[in-house]
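Below: one structure, written as C-alpha cells.
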Ligand code: CJB
C-alpha cells in the first residue's frame, strides 16, 4: 500500500474514527480529497522571478473538483481501485460536491482557462469571491421555476486552504471589512504545475462586539458581523444583465481591491517601494467589466499609499490591465450611477475623474475635441461607463469569437476602434478537453486513444488524425454504440432525477444554456409545436423519433424567461401525455441544469441546438463541447458557430437563418404581425400562447410573451430577436437533420468529423494566445 492510500486510511481513522469499510461516501470523499491535497503541498509554490498573469473574475464555475483533481494528479485510477476494494467507487462522490460559483459561460470559461494554463505550465492565478451561496438550485413546481439556496459548503470544502496571514482590509463609505483569502490549488494535467485560485471571503474586523453583548444588545452585537458577511454572501444570479445594485458594486470593489492589495504585498516583499518592475511581473485580465473598478483602485493604491504621480501610476496600470468583452448586449455593459458610486466608494471616485481627464487629453492628442469627445466620456449623463474605462485604461480589448470581435470593431465599439485600433484583438473561446471529453466521456476517449494515441489530452489538434476513421465502417459502428451507451447512462440519470423515461433509440436533440430571449429557446418551442401539429395532422409521416431535451436556469427576476420555462413545460406535458406521440416524440426540461448535468447531457447528444439571433451570442462554449463529443450543430451563423462550421464543414452541420447583415437589413421591415397573418403554420403555433391551448396558471405570462413577439421591448421595435423571421428556415433545417439521421452511417460520419475537427476549440489554444499576445508570460 502506498503513501496515498495510507493517508486516506489515517484520515478516516483520525477525523472520523472509522475504517475504510465502515466509512460513508462523504467521509471517504473528505479523506480522499485531503489525502490528495496532502500529496501536492510540496509542489504548490509560486516559482520566483517569473511574470504571472492574474485572472480577475466575479465568477469561477469550476464544476466538481474531486474527479478532475485526482485525474490531473494521476491518482484517479488508484483512488478508484482503493474505493472498489472497500465496496465503493469514485462514482459515489457524484452527489457530494456542487459546482455553483458562476452563472454560465463567462464563469465556466474562467474555469477552463485555469485548467489549461496549469496544464501547459502558464503561470496564471484566478482571483474572485468565495460566495457563501452560489447560483440558486432550480426545481419545477407545476411547470414553474422555483429557486432554493445553493448551500455548496454543506459537504465541507476540502480543496481550499484559508490563508489568515494574507487577509487584507477593504474600506467602504459605511464599513470596513476583512477580506480573507481561501486558496484552491489549480492542478495541471500531469500534476507538474499547480497554480492558485484565490477566493476572498468578507468578514468583520472583529467577530463580535462584547460591549454591546454585555449591555444585552444582542442584535446590534451581531449586526456588524452580518453586514460584513453580506458582501460575499451570494452570487448575483443574472447572466448578461447589469443589475446596477449597491451590493453588486460592493462585491466588485471588494474582490478587486483585495486582489490588488494581495499582489502589491507580494511585489513589495520582493522590491520594496520601487515599482519599476511591477508591470513586468504582473498582468491582470479583467473578465468582463465586473472587476474594472480595479483600474481606479490600482491608481489609488499606487498614488495614495505609495506616492506615485498620476502619469506613473497610469502607465503601470495600462501595461498591467487587459480587458475581455463577453457581450454586446447594451443592458450588460455596466454603468454605475455617480451618486451610488460616491455613496459606496467615495475614495475611488477622484481617480475616475483623473481617468476622465486623462482620456480627454489623450483624445485631444489624437485630434478629437469638443462634442466629438462625448461618445468617449467615462462619466456621462451621471453614470460611469465601465467598458469605456476598461478600453481606455487597458492595453488590450478582446472579443471572444471572430464575429464578435468584428462586431465590436465595426459597430458596438467603433469609436474606440477608430482611435486605438492596435488595442483590439480576438481570442476565440475554448473549452478544456480534460473535463469535456476525458472525464465526461471515457468511452469516446477510449475509442479515440485506441486509434490515435492519447496526445489529444494535451494537444487537441491531434484529433485531426481521427478524420480517416469517419470513412471506416467499423469505427462508425463503434462510435454509434458508444453514443447509445451515453444515451443509456443519461436515461438512467434522468429517470432518477426527473422520474422520466427516455428511449435510447430516439434521436437526442439538446438545447442547454441559460434561459435568455436572445438564445431563443422560445423559437425551439415553436418548432417543436409545429412538428407536433404536423404529426397530428398526418402532414409529417417520416419523422424519426426524437426527444427534445432542455436545461436552463432563468434569472429569478427575469419574468419573460420564466414564462418560457413554463411554456416549454406545458408543451412537454401535452406532447408526453398524448398517446399519439408515443414512440414518436418527447419533450423533457430537466431541472437544475449545471456543470454536472452538462457532463451527462452533452455526450449523449446527436444534435446541438445553437439558435441565437445572429449577432447576439458573443461566442457560446457549449457548442464546442457538443462538437467535441460528436454531435452536429443545428445553428445560426452566430458566435463561434461560424468557426465551428468552418472547421468541421458546412456539409456536416445544419445552418439556417438570417445572417448578421440580413438581420440588420430586416430591422426596418420585420413585421411579425404580417408573418402571423400570412403564414398559417406560424399563426397556429404562436397563437397557442393566447388561444387557451396552454395554461399559464392565470399569471398572464403567456400573453406577455405573445405581446413581446408582436410589439417587442417598445412599441416601435417588434421582437428584437426576430423569432418569426427565422421560423421557417429553422423548421426546415430541423427536418433536414431529422431526415439525415435515418442514414445512421452517414450521420455517424458527420459526428466523427465534428470530433476530429474540434482541435481549434481547446482552451489550451486560447490560453496560449492570451499568454503570448496579451500577457507576455
Ligand atoms: N456571457 O456568461 C456570460 N455572462 C455575461 O454576463 C456576458 C457574457 C457569455 O460568456 C461566454 C464566454 O465568453 C460566451 O461564450 C457567451 O456567448 C456569453 O453570453
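Annotations for the structure displayed:
- Of all residues in the stretch 223-239, those satisfying the criterion of being more than 18 Å from residue 103 (Cα to Cα) and buried (at least 17 other Cβ atoms within 10 Å of the Cβ) are 224, 228.
- Residues in the stretch 16-45 that are on the phi < 0 side of the Ramachandran plot and exposed (fewer than 13 other Cβ atoms within 10 Å of the Cβ): 19, 21, 22, 24, 41, 42, 45.
- In this structure, residue 430 does not qualify as within 30 Å of residue 354 (Cβ to Cβ) and either crowded, with 19+ Cβ neighbours inside 10 Å or within 16 Å of the ligand (Cβ to nearest atom) (or both).
- Pairs where the first residue, in the stretch 506-533, is within 18 Å of residue 654 (Cα to Cα) and outside the structural domain of residue 104 (by TED's automatic domain parsing) and the second is in a loop (DSSP other than H, G, I, E, B) and more than 16 Å from the ligand (Cβ to nearest atom), C-beta under 6 Å, 6+ apart: 507/544; 507/606; 508/605; 508/606; 510/605
- Residue that is surrounded by the most Cβ atoms within 10 Å (Cβ to Cβ), among those in the stretch 378-407 that are in a loop (DSSP other than H, G, I, E, B) and within 12 Å of the ligand (Cβ to nearest atom): 400
- Residue match in the stretch 603-614 (condition: part of a helix (DSSP H, G or I) and either away from the ligand (no atom under 16 Å from the Cβ) or at positive phi (or both)): yes
- Hey, residue 618 modelled with pLDDT of 95 or more, away from the ligand (no atom under 16 Å from the Cβ) and assigned to a loop (DSSP other than H, G, I, E, B) or not: no
- Criterion violated by residue 274 - all others in (1) more than 22 Å from the chain's Cα centre (by Cα); (2) within 21 Å of residue 168 (Cα to Cα) satisfied: (2)
- When 566, 553, 600 are checked against the criterion of being more than 18 Å from residue 734 (Cβ to Cβ), in a helix (DSSP H, G or I) and in contact with a strand residue (DSSP E or B) (Cβ under 6 Å, 6 or more places away or on another chain), 566 stands alone in meeting it.
- Filtering 111, 118, 79, 100 for residues that are more than 16 Å from the ligand (Cβ to nearest atom), touching a residue at least 40 places away in the same chain (Cβ under 8 Å) and under 25 Å from the mean Cα position of the chain (by Cα) leaves a single hit, 118.
- Within the stretch 101-152, strands (runs of 3 or more DSSP E) holding 3 or more residues that are touching a helix residue (DSSP H, G or I) at 6+ places or on another chain (Cβ under 8 Å) and buried (at least 20 other Cβ atoms within 10 Å of the Cβ): 124-129
- In summary, residue 49 fulfils each of the numbered conditions (1) within 16 Å of the ligand (Cβ to nearest atom); (2) part of a loop (DSSP other than H, G, I, E, B); (3) closer than 30 Å to residue 320 by Cβ with the single exception of condition (1).
- Residue match in the stretch 180-197 (condition: under 30 Å from residue 80 (Cβ atoms), free of Cβ contacts under 8 Å to residues at least 24 places away in the same chain and assigned to a strand (DSSP E or B)): yes
- Qualifying residue in the stretch 432-442 (condition: under 22 Å from residue 484 (Cα atoms) and free of Cβ contacts under 8 Å to residues at least 60 places away in the same chain): yes
- Applying the criterion of being more than 20 Å from residue 395 (Cα to Cα) and part of a loop (DSSP other than H, G, I, E, B) to the residues of the stretch 329-354, the residue that is nearest to the ligand (Cβ to nearest atom) is 329.
The values are calculated or read from the model by the stated rules, or taken from the named source; none is laboratory data. Note that the structure is predicted; figures quoted are calculated from it, not measured. A quick note on method: Cβ atoms are made from the backbone with ideal geometry, for glycine too, and the neighbour counts reach across all protein chains shown.
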